[in-house]
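Structure first, commentary second.
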Amino acid sequence: MTPFSCLPSARNTTSSAHTFLVRNPHLHVPKFFYNETHQLPKKENLVFSPFQVPTRPYLPLLSLKNSKLTHPFASISSFAEAEGDKEQKEGIHLEKHGEAEGKTTEEDLPGMAKAFDISSSTASAIAVFIAFAALTLPLFMKSLGLGLGLKTKILSYATLLFGFYMAWNIGANDVANAMGTSVGSGALTLRQAVLIAAILEFSGALLMGTHVTSTMQNGILVANVFKGKNTLLFAGLLSSLAAAGTWLQVASYYGWPVSTTHCIVGSMVGFGLVYGGAGAVFWSSLARVTSSWVISPVLGALVSFLVYKCIRRLGPLLVKANSSHSESQETTTHHKNLGLLSDIAGPTGTQLEIVYGVFGYMQVLSACFMSFAHGGNDVSNAIGPLAAALSILQGGASGAEIIIPNDVLAWGGFGIVAGLMMWGYRVIATIGKKITELTPTRGFAAEFAAASVVLFASKLGLPVSATHTLVGAVMGVGFARGLNSVRAETVREIVTSWAVTIPVGASLAIVYTWILTKLLSFIL
């Protein structure tokens with residue numbers, strides 16, 4: 001039999017000669033090559049690969065793969081949700097969520113060395129340097145009490161350390177409100193966030209801190225009630241700093257985002273009620289402060305809701321003109337392949353790169369804005385009681401106008417920066433992962449809204465809680481995407497921490513005041 005007798009029946013099995021030969025290699029390949037036919041599938045793949053739908057390989061092209069501003073899937077998720085694409089949100093969102101769940105136990109609350117990608121010896125050196133600076137810098141401050149007795153200088157030195165301790169814990173816990181969303185969305189790395197926050201928190205504390213500090217030192221307690229009881233008032237102010245700092249340190253250790261304003265105000269009110277009676281608390285000012293705690297999250301939610309709505313409507317239009325030239329240069333093959341992804345990702349890869357490049361940088365700017373506002377507002381939580389205590393030691397009258405020196409403001413700013421560098425990564429990890437699914441567009445809307453409310457309140461002298469404001473802003477972004485986008489479980493956890501913070505701070509202040517009064521009776 002010749003091979004030709006097999007060809008007629010073979011021609012009836014296929015309409016393509018090339019496909020026929022590929023599927024029947026024994027008809028045209030010599031016998032001694034038959035054992036190496038495993039190479040032929042490569043030829044088949046090369047022939048048919050242009051006709052396959054490349055769903056996976058093209059996904060990285062739709063995000064800024066080499067940029068530090070975004071990460072894969074987050075870029076697609078945010079823009080598609082901004083366009084109202086429900087299918088994409090359910091697909092890519094679940095995949096990203098699954099990846100995040102697998103890494104949670106590995107990345108939650110890493111050590112300082114791991115967080116900043118430095119050696120343990122370098123991390124230890126940074127901690128030692130900060131501790132050395134905290135112990136030595138007060139010796140060169142004018143506020144230490146020049147010309148006063150040795151006991152007064154010692155007490156002034158201890159007061160400055162108490163204030164530094166409170167400021168350190170503010171930096172460790174509350175700065176996450178400024179940078180947590182940026183780190184969580186990938187707009188900033190942890191190193192970049194710490195460097196930016198260190199500069200702007202210090203600047204905000206030094207330039208904007210005087211307004212709120214005046215309210216904290218005179219607007220919470222009625223100083224006239226403690227006339228002739230300077231030792232008790234001094235002990236109460238130091239106890240308030242110590243109590244608030246203690247609870248903040250516990251919360252920071254576990255990564256709980258609590259309100260530092262709640263801590264210090266609750267501590268001062270607890271001391272005033274127990275050791276001075278109901279008349280020792282300035283209730284009208286306290287009502288003004290507590291009302292701002294309610295108003296600030298509402299305003300934050302409203303502003304972020306409006307900002308995010310504008311982003312959803314105007315975001316694609318902002319880049320349409322810029323991306324039209326790039327779209328015209330795309331090949332027909334790319335358009336054909338990406339056409340199947342248009343239902344998932346909306347615009348083309350070039351548009352997504354432009355959108356997320358723009359909003360990534362805008363989120364960096366909003367984070368800077370928030371850091372400056374936070375430094376100006378929350379430094380008062382440490383500097384207010386500190387300035388009042390120093391005034392008592394230096395012979396100032398209770399309730400008199402106190403001029404806060406610049407070195408005290410700078411001291412509070414240094415404490416915030418130190419706490420941010422050493423422990424700030426703990427709460428940043430919580431804020432960046434657990435409040436909401438973060439992307440540059442959502443992070444920008446939340447940060448811009450929260451910073452606007454906090455800075456406006458700081459200028460008016462209202463010590464609003466940056467934590468309340470940010471949570472409200474994030475909830476506003478969630479409501480703009482749909483009611484189901486708000487994580488009720490996380491909101492309940494944060495609200496519970498708020499409820500616990502005030503009584504814990506008040507209780508600790510009462511206990512610390514009793515201890516300090518006993519110690520001061522031996523010193524003075």
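Of note:
- Relative contact order for the range 381-524, counting Cα pairs under 8 Å that sit 6 or more residues apart, in percent: 17 percent
- Measuring between alpha carbons in the structure, the pairs from LYS153/LYS229; LYS309/LYS433; LYS114/LYS309; LYS142/LYS229; LYS114/LYS153; LYS114/LYS434 lying more than 31 angstrom apart are LYS114/LYS309; LYS114/LYS153.
- Projected label distance in nm at SER121 and VAL500, using a 7 Å step from Cα toward the beta-carbon: 4.0 nm
- Contour minus Cα-Cα distance for TRP514 and LEU150 (0.36 nm per residue): 128.6 nm
- Using the Cβ-Cβ distance between TRP283 and LEU314 with R0 set to 41 Å, the FRET efficiency works out to roughly 0.35.
- Under the Karplus curve 6.51 cos²θ - 1.76 cosθ + 1.60, θ = phi - 60°, whole-Hz ³J(HN,Hα) for the range 233-239, x wherever Gly or Pro sits: 5, 4, 5, x, 5, 5, 5
- ³J(HN,Hα), Karplus 6.51/-1.76/1.60, whole Hz, each residue of the range 186-196, x for Gly, Pro: x, 5, 9, 7, 5, 4, 4, 4, 5, 5, 5
- 3J(HN,Hα) along the range 165-180: 4, 5, 5, 4, 6, 4, x, 5, 9, 8, 5, 4, 5, 8, 10, x Hz, from the Karplus curve 6.51 cos²θ - 1.76 cosθ + 1.60 with θ = phi - 60°, whole Hz, x for Gly and Pro.
- For the range 439-497 and the range 228-260, distance of Cα centres in Å: 25 Å
- Under-5 Å amide H pairs with LEU221, H placed in peptide plane, nonlocal only: PHE282
No lab work stands behind these numbers, since they all come straight from the coordinates. From a predicted model like this one, the values you see are computed outputs, not experimental measurements. Cβ coordinates were reconstructed from backbone atoms using ideal geometry, including for glycine residues, and neighbour counts include every protein chain displayed.
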